[in-house]
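Here's the structure, in structure tokens; my notes come after.
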Amino acid sequence: MPVANHIEKVRERLRRGEFPSEAAVSQGVVLPSLHELGWPVFDTNVVIPEYSVEGRRVDFALCHPVNRRPLMFIEVKKVKVGISDGADRQLFEYAFLQGVPMAIFTNGQEWNFYLPGEQGRYDERRVYKLDLLERDIEESVYRLERYLQYERVCSGEALKAARSDYQNVARAREIEAALPKAWKSLLEEPDSLLLELLADKVEDLCGYKPDLDVCSRFITTVMRKHVDVPPQYPTLPRTRNPLPAERIETDNWVRAGSECFIMFEGKTYKPGSAIETMLKLFQLLAEADPGFLDRFAAMKHGSKRKYIARNSLELYPDRPDLAKQRSVEIIPGWWMGKNYSKSYIKHIIEMALGIVSPTLRAKIQYEL
């Protein structure tokens, strides 16, 4: 592999410090590399040194052999000189003025490939940073040939590949920026599936499965105190015969469901838990308002889950096990999920009461 052999020689000379100046980098690294990549380095109509741009100069302009338009600019610095914002800015200005889609900034050891016309800060328009001493030879060969091989540059394949890689880099950067926000949002308003995962893990560890409201308050406390485990979290005996989650009494984490009630048209209902309260309330609303369930189902629900649906599988996408185990039929033909924290249940109930008539709403009181 001629390119691989060339890179190995350059690496050895870099380690010996044989490129003390920009001219040495140009003559000893850049031009030999271009030659190995197929560029006619002695044709000054294709590889133009000291290319003039509005009275200023770019170290090299790589041009199309037919129309001689610049396809790429290369700016060279000393090996010990890193890339600076000023150098980036200058190189991008040159590229913008000439409409050159790709630019390279190199000190012989580092090769930085940019797409000046893309969005973002200067450093965000870098497609790839290749360090010949840090990357293995195979990776170095791959990147140099991908972005800088003569035939690929002339055919447009190199630019196409660079733009594809830029999209991947930009996508990864946006994901990285969004992840902390998404995580914070999940912790501040936990989705029921997140709470269910936490509850399942607690059950695996100690044998007790907490109510989802317990998990929600735990996450809220962790967020507020910025600690891993609150000191008041109770230690439970390791047993595989737990009491129902609603009946485990602790200082702060679980309360019994005896507070729950519904008052509707002069009657009082006392379901045993918050989820049973929501189920009963939906049944009462469906009986009093025949179009209620259809209107509620048409509303925007959770990010991935529906609160009610005609098919229980719609309540837990990709989780048929949960659809079977943790859904309940409201009335024939309508299903509701039943693994929500108390705060989520209150949110769903308030959504429901918001779409009934004021007259019907005035007849309802409830407590969770």
Residue within segment 8-23 that is touching a helix residue (DSSP H, G or I) at 6+ places or on another chain (Cβ under 8 Å), on the phi > 0 side of the Ramachandran plot and not basic (Lys, Arg) present: no
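Among the acidic types (Asp, Glu) and touching a Lys or Arg at 6+ places or on another chain (Cβ under 8 Å): does that describe Glu287?
Values: among the acidic types (Asp, Glu): yes; touching a Lys or Arg at 6+ places or on another chain (Cβ under 8 Å): no.
Taking the combined requirement at face value, the residue does not satisfy it.
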Taking segment 5-20, which residues are in contact (Cβ under 8 Å) with a residue 24 or more places away in the chain and surrounded by 13 or more Cβ atoms within 10 Å (Cβ to Cβ)? His6, Ile7, Glu8, Val10, Arg11, Leu14, Phe19
Check Lys324, Lys346 and return the single one that is in contact (Cβ under 8 Å) with a residue 12 or more places away in the chain and under 23 Å from Ser185 (Cα atoms). Lys346
For strands (runs of 3 or more DSSP E) lying entirely in segment 11-118, having 2 or more residues that are in the same structural domain as Ala162 (by TED's automatic domain parsing), modelled with pLDDT under 95 and more than 26 Å from Val141 (Cβ to Cβ) picks out 47-53, 56-63
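Do we find that Glu138 is at pLDDT 85 or above, acidic (Asp, Glu), in contact with a Gly (Cβ under 8 Å, 6 or more places away or on another chain) and surrounded by fewer than 16 Cβ atoms within 10 Å (Cβ to Cβ) in this structure? Let's see the steps before the verdict.
Numbers: at pLDDT 85 or above: yes; acidic (Asp, Glu): yes; in contact with a Gly (Cβ under 8 Å, 6 or more places away or on another chain): no; surrounded by fewer than 16 Cβ atoms within 10 Å (Cβ to Cβ): yes.
So Glu138 fails the test.
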Got a sec? Which of Ala170, Ala182 is free of Cβ contacts under 8 Å to residues at least 40 places away in the same chain and part of a helix (DSSP H, G or I)? Ala182
Those residues that are crowded, with 19+ Cβ neighbours inside 10 Å, of a type outside the set (Lys, Arg) and within 21 Å of Phe264 (Cα to Cα), I need them from segment 337-355; list them, please. Ile345, Ile348, Ile349, Ala352
Taking segment 288-305 and keeping residues of a type in the set (D, E, K, R) and touching a residue at least 24 places away in the same chain (Cβ under 8 Å) leaves Asp289, Arg295, Lys304, Arg305
Out of the residues in segment 271-283 that are free of Cβ contacts under 8 Å to residues at least 60 places away in the same chain and in a helix (DSSP H, G or I), which is nearest to Gln365 (Cα to Cα)? Lys280
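The values are calculated or read from the model by the stated rules, or taken from the named source; none is laboratory data. In this text, all values refer to a predicted model and were calculated from it rather than measured experimentally. Every residue, glycine as well, gets a Cβ built from its backbone with ideal geometry; the counts of neighbours run over all protein chains shown.
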